[in-house]
Amino acid sequence: MKITSLLTLGTLAASAFLAASATAQQISGAGATFPAPLYQRWGVEYNKLHPAVQVNYQSVGSGAGVKNFTAGVVDFGASDAAMSDAEIAKVAKGVVLIPATAGEIVYAYNLPGVPKLNLSREAMAGIYLGKVTKWDDAAIAKDNPGVTLPNLPIQVAYRADGSGTTFVFTQHLSAISKDFADQVGTDKSVTFPVGVGGKGNEGVTALVKQSPGAVGYVEYGYAKNNGIAMASLQNKSGNFVAPDIESAAATLANVQFPENLRVWPVDPEGAKDYPIVSFTWLLLYKKYDDAAKLKALKDFVTWGLTDGQKLSEELGYVPLPAPVVEKAKAALATVQ
Amino acid sequence: MSQTTTSVNEEGTMEFRSKPDFFRVLCWVASAATVATLAWIVYTILQQAFPAIQKFGFDFISSSAWVPNREKYGVLPFIIGTAVSSLIALLFACPLGLAIAIFLSEDFLPPAVRQTVRFVVELLAAIPSVVYGLWGIFVVIPMMQEFGKWAVPAFTQTWVTKGLNGAPDTYQGIPILKDIFAGPAYGNSLLTASVVLALMILPTVTAISRGALVAVPKTLREGAYALGATRWEAIFGVILPTAAPGVVAANILALGRAMGETMAVAMLIGNSSRLTSSLLAPSGTLAGLLANQFGEAEGLQVNSLMYAALLLVILTLGVNMAGEAILRYTQKRTAGIR
């Protein structure tokens with residue numbers, strides 16, 4: 001008798017456990033490393049509000065994220081380079097691109113005694129082409145009147161690993177300099193004629209921080225958190241704009257979205273626009289078979305687009321402007 | 001055959017032998033699985049690399065342009081970077097490791113201290129690669145920057161000396177050295193990576209060399225001393241030559257490890273694909289290239305990276321096989337004195 005009751009108890013406990021784990025909705029995602037800290041934070045915060053939903057985001061890189069998403073092994077993907085039309089065509093269930101957050105890429109530099117620096121479009125490309133090799137070069141000096149620039153060699157730092165950051169950065173330089181487009185071009189990994197390669201944003205940040213005379217392109221958050229000086233860059237209308245959340249938001253607010261929401265402000269035209277800004281996208285299927293999962297995922301992304309944006313700034317991302325959030329929400333509504 | 005075994009025992013043995021020998025089977029399966037795994041790995045790499053092999057062939061090895069966005073792939077700078085960084089690392093680690101091994105295998109120190117030193121050196125092998133990388137960034141790179149500040153002007157400046165008939169002779173820097181230590185001196189460089197690599201392979205050199213030195217028969221040592229050899233004569237004349245096969249094997253294994261080392265090198269070498277003669281300039285290795293670019297690679301770039309992986313496997317297998325061959329040859333040569 002005792003044994004039977006114990007067994008019954010065990011069965012009851014087991015079924016209760018199974019029932020509990022069945023109600024916990026798991027959502028899995030994979031993709032870009034750049035927005036990973038934000039998405040993971042969203043997962044944690046959302047889980048506090050809705051304990052039944054667990055979001056697991058793996059930061060495996062944009063390319064791998066698109067591969068996993070296409071293979072259907074995750075519920076959502078994430079990519080700094082969105083998805084190309086050819087890639088979208090491979091997904092039978094259809095794809096909805098949702099801009100989720102944005103980042104700006106800065107010229108972080110290490111020049112003792114020079115807290116502010118203006119870089120013209122000519123100097124920006126010249127540095128990465130190996131044409132401007134000294135900090136007191138006329139190409140830099142003419143835009144910095146009153147600043148004593150040291151006669152130091154410029155130590156250029158770049159990303160050695162394939163990355164969406166490099167893609168957005170080289171895309172902008174290719175747009176503003178024909179020489180750069182011809183000699184280097186645009187890609188996730190390119191070959192620069194000068195400089196040292198660091199691994200990841202943190203690798204480039206360390207390179208810049210350690211060597212006086214160094215300059216490197218990193219995400220805004222990395223330069224800001226490490227207290228590294230950032231150059232003001234000349235935009236299309238000729239103004240020098242310092243990188244911060246406001247100037248990036250100015251750029252994003254001026255972006256004209258196509259229907260698929262895949263767009264880069266390659267060379268923004270507004271007077272106050274910071275020139276190198278990029279969205280990063282969540283990749284969702286058009287159709288989900290599991291209704292419960294669909295609801296949980298939609299609720300999570302909606303939360304991320306609204307309340308989640310408040311977490312952006314402290315983590316070094318640029319919150320999406322209200323009109324962009326509306327467009328993203330409209331796109332989300334088409335997911336079934 | 002044997003007359004001493006009892007019949008019961010013999011039957012037991014017979015019964016045991018009639019069954020399959022499970023231990024033997026287990027050993028066979030385990031060793032076959034190891035060989036099969038290696039073959040499988042090489043096959044997979046070969047298969048993935050095939051489109052790149054077809055497209056580039058031998059040019060892949062002799063070309064120095066690695067430009068993913070223009071679909072140009074050549075790994076010559078990375079092959080040179082791999083070879084040079086490992087050889088320089090061995091250049092540092094071999095004398096140091098051998099010296100430590102001699103020090104720890106002779107009775108210079110009380111056994112307790114010797115054990116402690118040995119333990120500490122072998123502990124170096126337990127430090128994760130990424131920790132070496134971080135240590136390199138914060139300690140070795142600033143040191144290299146200082147070294148560069150001194151070395152570049154010292155070796156490249158113009159020297160004026162008094163010629164034979166009183167007329168001054170001028171030299172544009174010191175030949176060879178001015179190329180090897182040409183500026184600008186970046187912190188992340190081939191030399192930085194080599195120094196950290198040397199530390200990483202030191203335990204391998206030390207542990208295996210020490211093992212070989214300890215294994216030298218006692219009679220040989222005593223014989224040497226009996227003939228009136230001093231301690232150094234005994235070490236250099238008798239003990240080291242006898243232990244030579246083991247010492248050579250230690251260095252070859254260390255070289256293999258240095259060539260395959262990835263994380264620390266990727267963090268320190270500067271990851272550049274430009275060919276340069278300067279040790280103070282950034283360079284790249286095959287392993288570092290793979291670690292950096294595989295995550296985001298697509299299409300032909302994946303095939304090319306697999307081709308590079310294949311070359312790395314061939315290089316390391318080649319080094320290990322050469323090591324084995326040298327080991328056997330020297331063992332045969334020194335067999336007489338054992």
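The values are calculated or read from the model by the stated rules, or taken from the named source; none is laboratory data. Bear in mind the structure is a predicted one, so any value in this text is a computation, not a measurement. Here the Cβ is made from the backbone with ideal geometry for all residues, glycine too, and neighbour counts use every protein chain on show.
(1) of a type outside the set (Ser, Thr, Tyr); (2) within 19 Å of B:Leu87 (Cβ to Cβ); (3) in contact with a strand residue (DSSP E or B) (Cβ under 7 Å, 6 or more places away or on another chain): which one isn't true of B:Pro203, the others all being true?
Answer for B:Pro203: the failing condition is (3).
Based on this model, can you work out whether A:Pro319 counts as in contact with a Ser or Thr (Cβ under 6 Å, 6 or more places away or on another chain), of a type outside the set (Ser, Thr, Tyr) and either crowded, with 24+ Cβ neighbours inside 10 Å or within 21 Å of A:Asp244 (Cβ to Cβ) (or both)?
On the way: in contact with a Ser or Thr (Cβ under 6 Å, 6 or more places away or on another chain): yes; of a type outside the set (Ser, Thr, Tyr): yes; either crowded, with 24+ Cβ neighbours inside 10 Å or within 21 Å of A:Asp244 (Cβ to Cβ) (or both): yes.
Against the criterion (in contact with a Ser or Thr (Cβ under 6 Å, 6 or more places away or on another chain), of a type outside the set (Ser, Thr, Tyr) and either crowded, with 24+ Cβ neighbours inside 10 Å or within 21 Å of A:Asp244 (Cβ to Cβ) (or both)), A:Pro319 qualifies.
When region B:69-84 is examined, which residues are found to be crowded, with 21+ Cβ neighbours inside 10 Å and either in contact with a Lys or Arg (Cβ under 8 Å, 6 or more places away or on another chain) or without any contact (Cβ under 8 Å) to a residue 12 or more places away in the chain (or both)?
B:Pro77
Is it the case, given these coordinates, that B:Ala93 is surrounded by 21 or more Cβ atoms within 10 Å (Cβ to Cβ) and at negative phi?
yes
Tell me which residues, restricted to region B:139-180, are among the small types (Gly, Ala, Ser), in a helix (DSSP H, G or I) and free of Cβ contacts under 8 Å to residues at least 40 places away in the same chain.
If the condition is that a residue be among the small types (Gly, Ala, Ser), in a helix (DSSP H, G or I) and free of Cβ contacts under 8 Å to residues at least 40 places away in the same chain, then B:Ala154 is the only one that fits.
Need the failing condition index for A:Gln256 against (1) of a type in the set (S, T, N, Q); (2) away from chain B (no Cβ under 12 Å); (3) buried (at least 17 other Cβ atoms within 10 Å of the Cβ); (4) more than 30 Å from B:Gly299 (Cα to Cα), just the number.
Condition (3) is where A:Gln256 drops out.
In the list A:Leu149, A:Leu129, which residue meets the criterion of being of a type in the set (A, V, I, L, M), in contact (Cβ under 8 Å) with a residue 40 or more places away in the chain and either closer than 19 Å to A:Leu233 by Cβ or more than 10 Å from every other protein chain (Cβ to nearest Cβ) (or both)?
Step by step, each of A:Leu149, A:Leu129 is checked, and only A:Leu129 is of a type in the set (A, V, I, L, M), in contact (Cβ under 8 Å) with a residue 40 or more places away in the chain and either closer than 19 Å to A:Leu233 by Cβ or more than 10 Å from every other protein chain (Cβ to nearest Cβ) (or both).
Keeping to region A:123-152, report how many residues are assigned to a helix (DSSP H, G or I) and either buried (at least 23 other Cβ atoms within 10 Å of the Cβ) or not hydrophobic (A, V, I, L, M, F, W, C) (or both). Reasoning before the result, please.
So in region A:123-152, the residues assigned to a helix (DSSP H, G or I) come out as A:123-129, A:138-141.
Retained after the next criterion (residues that are either buried (at least 23 other Cβ atoms within 10 Å of the Cβ) or not hydrophobic (A, V, I, L, M, F, W, C) (or both)): A:123-128, A:140.
So the answer is 7.
Given the criteria surrounded by fewer than 24 Cβ atoms within 10 Å (Cβ to Cβ), within 13 Å of chain B (Cβ to nearest Cβ) and over 23 Å from the mean Cα position of the chain (by Cα), does A:Gln155 qualify?
Numbers: surrounded by fewer than 24 Cβ atoms within 10 Å (Cβ to Cβ): no; within 13 Å of chain B (Cβ to nearest Cβ): yes; over 23 Å from the mean Cα position of the chain (by Cα): yes.
For A:Gln155, the condition - surrounded by fewer than 24 Cβ atoms within 10 Å (Cβ to Cβ), within 13 Å of chain B (Cβ to nearest Cβ) and over 23 Å from the mean Cα position of the chain (by Cα) - is not met.
Tally up the residues in region B:52-109 that are more than 14 Å from chain A (Cβ to nearest Cβ) and more than 30 Å from B:Phe236 (Cα to Cα), please.
Of region B:52-109, the ones more than 14 Å from chain A (Cβ to nearest Cβ) are B:52-62, B:79-80, B:82-109.
Cutting the leftovers down to more than 30 Å from B:Phe236 (Cα to Cα) gives us B:52-62, B:79-80, B:82.
The total comes to 14.
Given the residues A:Lys199, A:Lys142, A:Lys134, A:Lys178, which is the only one that is among the basic types (Lys, Arg) and under 25 Å from the mean Cα position of the chain (by Cα)? Show your work before the answer.
Numbers: A:Lys142 fails: under 25 Å from the mean Cα position of the chain (by Cα); A:Lys134 fails: under 25 Å from the mean Cα position of the chain (by Cα); A:Lys178 fails: under 25 Å from the mean Cα position of the chain (by Cα).
Exactly one of A:Lys199, A:Lys142, A:Lys134, A:Lys178 is among the basic types (Lys, Arg) and under 25 Å from the mean Cα position of the chain (by Cα), namely A:Lys199.
Kindly provide the set of residues from region B:292-313 that are more than 9 Å from chain A (Cβ to nearest Cβ) and not in a helix (DSSP H, G or I), ordered by number.
The first filter runs over region B:292-313 and keeps only residues more than 9 Å from chain A (Cβ to nearest Cβ), leaving B:299-300, B:302-313.
B:Gly299 - this is the single residue of region B:292-313 that is more than 9 Å from chain A (Cβ to nearest Cβ) and not in a helix (DSSP H, G or I).
Out of all the residues in region B:184-210, which are within 14 Å of chain A (Cβ to nearest Cβ) and either within 19 Å of B:Val248 (Cβ to Cβ) or part of a helix (DSSP H, G or I) (or both)? Give the steps one after another, and end with the answer.
To start, the set of residues in region B:184-210 that are within 14 Å of chain A (Cβ to nearest Cβ) comprises B:184-193.
Answer for region B:184-210, where residues must be within 14 Å of chain A (Cβ to nearest Cβ) and either within 19 Å of B:Val248 (Cβ to Cβ) or part of a helix (DSSP H, G or I) (or both): B:Leu190, B:Leu191, B:Thr192, B:Ala193.
If the requirement is being of a type in the set (D, E, K, R), in contact with a His (Cβ under 8 Å, 6 or more places away or on another chain) and over 22 Å from A:Pro37 (Cβ atoms), which of these qualifies: A:Asp267, A:Asp273?
Result: A:Asp267 is the single residue among A:Asp267, A:Asp273 that is of a type in the set (D, E, K, R), in contact with a His (Cβ under 8 Å, 6 or more places away or on another chain) and over 22 Å from A:Pro37 (Cβ atoms).
Scanning for something buried (at least 24 other Cβ atoms within 10 Å of the Cβ), within 20 Å of A:Lys329 (Cα to Cα) and hydroxyl-bearing (Ser, Thr, Tyr), does region A:46-56 turn up at least one residue?
no
Across region A:298-316, which residue is nearest to A:Tyr285 (Cα to Cα) among those that are modelled with pLDDT of 90 or more and of a type in the set (Ser, Thr, Tyr)?
The residue in question is A:Thr302.
Hey, can you tell me all the residues within region A:158-192 that are at the interface with chain B (Cβ under 7 Å from one of its Cβ atoms), of a type outside the set (Gly, Ala, Ser) and out of contact with any Asp or Glu (no Cβ under 9 Å at 6 or more places or on another chain)?
Residues satisfying the conditions are A:Thr186, A:Asp187, A:Val190, A:Thr191.
Can you find a residue that is more than 14 Å from chain A (Cβ to nearest Cβ) and either within 16 Å of the chain's Cα centre (by Cα) or at pLDDT below 90 (or both) anywhere in region B:261-268?
Yes.
Anything in region A:30-54 that is touching a helix residue (DSSP H, G or I) at 6+ places or on another chain (Cβ under 7 Å), more than 14 Å from every other protein chain (Cβ to nearest Cβ) and under 17 Å from A:Trp281 (Cα atoms)? List them, or say none.
Answer for region A:30-54, where residues must be touching a helix residue (DSSP H, G or I) at 6+ places or on another chain (Cβ under 7 Å), more than 14 Å from every other protein chain (Cβ to nearest Cβ) and under 17 Å from A:Trp281 (Cα atoms): A:Pro37, A:Leu38, A:Arg41, A:Trp42.
Looking only at region B:84-128, filter to residues that are farther than 25 Å from B:Gly260 by Cβ and of a type in the set (Ser, Thr, Tyr); which one of those is nearest to the chain's Cα centre (by Cα)?
B:Ser105
If you take the residues of region A:302-315 that are surrounded by 19 or more Cβ atoms within 10 Å (Cβ to Cβ) and in contact with a helix residue (DSSP H, G or I) (Cβ under 6 Å, 6 or more places away or on another chain), which of them is farthest from A:Ala82 (Cα to Cα)?
In this case the residue turns out to be A:Gly308.
For region A:193-225, enumerate the residues that are within 14 Å of chain B (Cβ to nearest Cβ), closer than 19 Å to A:Ala36 by Cα and either in a helix (DSSP H, G or I) or at pLDDT 90 or above (or both).
Matches in region A:193-225: A:Gly200, A:Asn201, A:Glu202, A:Gly203, A:Val204, A:Thr205.
What residue, of A:Thr148, A:Thr170, is polar (S, T, N, Q) and under 27 Å from the mean Cα position of the chain (by Cα)?
A:Thr170
Scan region B:113-128 and give yes if some residue there is free of Cβ contacts under 8 Å to residues at least 40 places away in the same chain and over 30 Å from B:Ser209 (Cα atoms), otherwise no.
The answer is no, given that none of the residues of region B:113-128 is free of Cβ contacts under 8 Å to residues at least 40 places away in the same chain and over 30 Å from B:Ser209 (Cα atoms).
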